[in-house]
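Data block below; observations after.
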Amino acid sequence: MAKKRDNCIILLVNAPEPSGQDTDFKTAFDQEREARLGGDLLAGTYKFIKAYGDAMVFISYEKTPRYPDLTWLDQEDPGFLEVKNRTREERIQDAFRMAFFTGSSKVMLLDNLSQEVKKEWLTLAFESVSDKTVAIGSNQDGSFYMLALTQQNLKILEAPGFSQGKSAETLAERAKKNKLTVFSTPETYAAKDEATPPPPAPAPQPVQPPESESKKRHKRHGADPEPPAQQTPAEKPPL
């Protein structure tokens, strides 16, 4: 239980309606569908975090008239840090500060667009974080899906621009300039649209049995000519 009180995971939540979307997720269909699919991604990430067990969940949420609470995400209504008219980076900074203020010693931000994150990755990140080490998880496009640090290292979020473009690289560079070690969790991908995830690696081909020496010799020197067919001797004409 002590570990759960020390560790905290931040999730930025937006209402599942077009006006509430603040992500890079796009759809080829209308905005209502985009909002619904974005809400599905949020629900999946929230369920994953809640089941993790070794960290408190801290939610940053801007409520709307249609969704004034989080019962649409969790019937138990987990509560949240309310934000209004704040940029994404300001929300991240505020959420980290508040999580540390409430007593957490290691705080992680997890992005809801990366759906293939594994439980063991979170554990490795929390175990690696210290005042001298930050943990960063990168997506294939160079963005970060996870950032974990202590209050001592909030300074890497002080200047704007840490969530744009190849943000994982930006954060790593800032950490190194502050003489911090960067622990990297495995790379994954972010869902940017309705396209299916990257195809799995092709299945390995069956291993062929080793060729016999005679076959190898035939390949090197050419196949041996077939022996000529034996001719039956012609019958002698009757006397």
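Listed values, structure above:
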| item | result |
| --- | --- |
| Sole exception among (1) surrounded by fewer than 15 Cβ atoms within 10 Å (Cβ to Cβ); (2) modelled with pLDDT under 95 for TYR46, by number | (1) |
| Pairs where the first residue, in segment 149-162, is in a loop (DSSP other than H, G, I, E, B) and the second is among the polar types (S, T, N, Q), C-beta under 9 Å, 6+ apart | THR150/SER105; THR150/SER130; THR150/THR133; GLU158/GLN93; PRO160/THR87; GLY161/SER167; GLY161/THR170; PHE162/THR170 |
| Filtered residues of segment 49-86 (kept if surrounded by 13 or more Cβ atoms within 10 Å (Cβ to Cβ), of a type in the set (D, E, K, R) and not in a loop (DSSP other than H, G, I, E, B)) | LYS50, GLU62 |
| Flag for SER19 being modelled with pLDDT under 90, more than 17 Å from the chain's Cα centre (by Cα) and either of a type in the set (Ser, Thr, Tyr) or part of a strand (DSSP E or B) (or both) | yes |
| Subset of segment 145-174 [among the hydrophobic types (A, V, I, L, M, F, W, C) and touching a Lys or Arg at 6+ places or on another chain (Cβ under 9 Å)] | ALA148, LEU149, LEU154, ILE156, LEU157, ALA159, PHE162 |
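Every residue, every condition in (1) acidic (Asp, Glu); (2) in contact with a strand residue (DSSP E or B) (Cβ under 9 Å, 6 or more places away or on another chain); (3) farther than 22 Å from ASN14 by Cβ, yes or no:
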| position | (1), (2), (3) |
| --- | --- |
| ASP94 | yes, yes, no |
| PHE101 | no, no, yes |
| SER104 | no, yes, yes |
| MET108 | no, yes, no |
| VAL117 | no, yes, no |
| LEU124 | no, yes, yes |
| ALA172 | no, yes, yes |
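Yes/no matrix, rows are residues, columns are (1) in a strand (DSSP E or B); (2) under 21 Å from LEU42 (Cα atoms); (3) without any contact (Cβ under 8 Å) to a residue 60 or more places away in the chain:
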site: MET108; (1), (2), (3): yes, yes, no
site: ASN112; (1), (2), (3): no, yes, no
site: VAL117; (1), (2), (3): no, yes, no
site: LEU124; (1), (2), (3): no, no, no
site: ALA135; (1), (2), (3): yes, no, yes
site: SER138; (1), (2), (3): yes, yes, yes
site: MET146; (1), (2), (3): yes, yes, yes
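The values are calculated or read from the model by the stated rules, or taken from the named source; none is laboratory data. Predicted model only: the values in this text are computed from it and were never measured. When we count neighbours, we look across all protein chains shown, and the Cβ atoms used for this are built from the backbone with ideal geometry, even at glycine.
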